[in-house]
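The values are calculated or read from the model by the stated rules, or taken from the named source; none is laboratory data. Since this is a predicted model, take the numbers as computed values, not measurements. When we count neighbours, we look across all protein chains shown, and the Cβ atoms used for this are built from the backbone with ideal geometry, even at glycine.
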Amino acid sequence: MWMKWLKKHAVNLVILTVIGALYVFTMVPQARTVFYEQEDQPIYQVAEIPYAAIQCNVYQGAEYIPAMLEILRTHDATITWNLGGLFVEDHPDLVRDMLSAGHELGNHGYQHLQHSQLSYEDNVQEIKLCHELVARCTGTAMQVFAPPSGDYSDVTLQAARDLGYTTFMWSADTIDWRDQDVELILSRVRENMDDGGILLIHPTAATLQALPEILSILQEEKELEVVSLGELYAMSQAL
């Protein structure tokens with residue numbers, strides 16, 4: 001009797017299951033962002049909250065940073081500067097300027113290696129060298145890790161965790177290091193950034209020129225508050 005009833009109502013059961021899954025996916029924000037916040041995986045994006053983070057990966061481009069800091073100040077925007085250790089050695093004053101302006105400092109490794117190809121010990125060394133440089137320069141213990149070129153392995157993630165770091169990637173990439181085209185950079189921001197998103201930029205001439213409009217797109221068009229990676233993640237965890 002049970003099997004007869006099951007066969008009769010099998011289609012209805014499938015339909016109800018699909019409707020239930022769609023309800024969870026559309027009505028519960030956390031269900032939509034599980035992909036982004038899996039344990040032991042980097043964070044690409046967080047729950048759909050009216051905030052967005054900008055991370056600027058820095059090994060070069062020191063000449064553009066003072067003007068970028070001023071633009072960020074006038075737009076009341078806080079970002080994360082992911083610092084390469086070699087940059088910190090060459091520009092400690094700029095690093096302190098970033099921190100004094102209220103921005104977050106992130107770890108971008110010491111010398112821009114392919115972290116997926118490194119052993120656990122070498123991953124630890126790359127992250128730790130940069131960490132210690134920034135600590136000596138600013139007294140700050142960084143907690144954000146952004147692997148160079150977005151290149152990582154499970155070993156990289158384990159090394160970062162063991163050193164007290166959360167690893168971040170991005171949901172929108174301007175590719176400004178390659179494409180020195182302001183309109184192209186802006187179109188990538190406009191098309192790819194949304195609630196809880198993470199935007200990747202670099203200090204380049206085109207990015208400096210585009211930065212005021214990038215902030216206007218996020219703050220005015222998309223009505224998002226621009227915050228650091230750490231702030232974005234903390235707010236998502238408080239939901």
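Within the set Thr174, Thr166, the sole residue that is crowded, with 19+ Cβ neighbours inside 10 Å, touching a residue at least 24 places away in the same chain (Cβ under 8 Å) and in contact with a helix residue (DSSP H, G or I) (Cβ under 9 Å, 6 or more places away or on another chain) turns out to be Thr174.
Please return the ranges of helices (runs of 4 or more DSSP H) entirely within the stretch 85-151 where 1 or more residues are within 18 Å of the chain's Cα centre (by Cα) and β-branched (Val, Ile, Thr). Full working, then the answer.
Working: elements: 85-90, 92-100, 120-138.
Per the criteria, 120-138.
For the stretch 98-116, residues that are in contact with a Pro (Cβ under 7 Å, 6 or more places away or on another chain) and surrounded by fewer than 23 Cβ atoms within 10 Å (Cβ to Cβ) total 2. Taken as a whole, the structure places Gln219 among residues that are in contact with a strand residue (DSSP E or B) (Cβ under 8 Å, 6 or more places away or on another chain), more than 25 Å from Gln60 (Cα to Cα) and among the polar types (S, T, N, Q).
Scanning the stretch 193-217 for residues that are of a type in the set (A, V, I, L, M, F, W, C) and part of a loop (DSSP other than H, G, I, E, B) yields one hit, Met193.
Look through the stretch 209-239, keep the residues that are of a type in the set (S, T, N, Q) and modelled with pLDDT of 95 or more, and return whichever of them is farthest from the chain's Cα centre (by Cα). Show your work before the answer.
Start the filter on the stretch 209-239 by keeping residues that are of a type in the set (S, T, N, Q), which leaves 209, 216, 219, 228, 236-237.
Then keep just the ones that are modelled with pLDDT of 95 or more; that gives 209, 216, 219, 228.
Values: Gln209: 22, Ser216: 19, Gln219: 17, Ser228: 9 Å.
Looking at residues that are of a type in the set (S, T, N, Q) and modelled with pLDDT of 95 or more, I get Gln209.
Within this structure, Ser171 passes the test of being within 18 Å of Gln55 (Cα to Cα) and in the same structural domain as Arg96 (by TED's automatic domain parsing).
Is there a residue in the stretch 161-174 that is more than 23 Å from Ala234 (Cβ to Cβ) and not small (Gly, Ala, Ser)?
Taking every residue of the stretch 161-174 in turn, at least one turns out to be more than 23 Å from Ala234 (Cβ to Cβ) and not small (Gly, Ala, Ser).
Considering only the stretch 178-187, I want to know if a residue exists there that is in contact (Cβ under 8 Å) with a residue 24 or more places away in the chain, within 18 Å of Ile79 (Cα to Cα) and assigned to a helix (DSSP H, G or I). Within the stretch 178-187, one or more residues are in contact (Cβ under 8 Å) with a residue 24 or more places away in the chain, within 18 Å of Ile79 (Cα to Cα) and assigned to a helix (DSSP H, G or I).
For the stretch 218-239, a residue qualifies if it is surrounded by fewer than 16 Cβ atoms within 10 Å (Cβ to Cβ) and part of a loop (DSSP other than H, G, I, E, B), and the qualifying residues are Glu223, Ala238, Leu239.
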